[in-house]
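Written below as structure tokens is the structure these notes are about.
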Amino acid sequence: MEKQVNYQQLNGAALAYLGDAVYEQAIRHYILTTGHTNPNQLHKSAVKFVGAKGQARIIKHWIDQDNVLTDEEIAVYKRGRNHKANTKAKNASIQDYRQATGFEALIGWLYLSGKTDRLELLIEEGIQLIEGENNNEQTS
């Protein structure tokens with residue numbers, strides 16, 4: 001028996017809770033497609049995507065670009081970013097942590113709203129952004 005949840009009424013933390021899991025699963029799937037199989041290598045590869053710093057870089061990039069996110073998506077991001085957190089950021093600034101929470105809230109909201117094409121597109125764009133940064137660092 002599946003109980004319906006009004007996702008429009010969920011607070012930013014609840015949306016981020018689900019968004020974290022959705023995004024983590026997508027990243028794990030992506031990393032496996034790159035051919036990594038060593039557990040330590042898998043974890044190290046995932047951290048650059050799922051850590052607060054990586055998520056903050058992605059959302060900042062989207063916000064800085066015109067017409068990447070809709071007004072509704074920006075509002076959901078801000079709902080997550082501005083939610084009063086009861087936890088401290090590990091290995092990230094408070095600003096990055098809050099932006100990452102907003103990022104995860106957006107991912108959770110897209111998932112719950114059934115906007116899977118949009119969700120997949122944004123996740124793919126985020127992956128390309130982080131991979132592009134890592135390729136630039138390796139060639140520098």
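Nothing in this text is a laboratory measurement; each read-out follows from the coordinates by a stated rule. Since we're looking at a predicted model, the values are computed, not measured. When we count neighbours, we look across all protein chains shown, and the Cβ atoms used for this are built from the backbone with ideal geometry, even at glycine.
Remarks
- Residue exposure proxy: Lys115, Lys53, ordered by other Cβ atoms within 10 angstrom of their Cβ from fewest to most, comes out as Lys115, Lys53.
- Taken about its Cα centre, the chain carries a charge dipole of about 700 debye when Lys and Arg each add +1 at the Cβ and Asp and Glu each add -1 at the Cβ.
- Exceedance of the 23 Å cut-off in Cα-Cα distance is limited, within the set Lys44/Lys90; Lys90/Lys115; Lys53/Lys88; Lys53/Lys78, to Lys90/Lys115.
- Size-normalised alpha-carbon gyration radius of the chain, reference 2.2 N^0.38 Å: 1.04
- Selected from Thr37, Asn91, Asn67, residue furthest toward positive end of dipole (the chain; charges at beta carbon): Asn91
- Degrees, to the nearest 10: 12-33 long Cα axis against longest axis of the chain: 30 degrees
- Computed from the alpha carbon positions, the gyration tensor of the range 16-98 leads to an equivalent ellipsoid with semi-axes of 25, 16, 12 Å, biggest first.
- Proxy reagent accessibility, fewest Cβ within 10 Å first, across Val22, Val47: Val47, Val22
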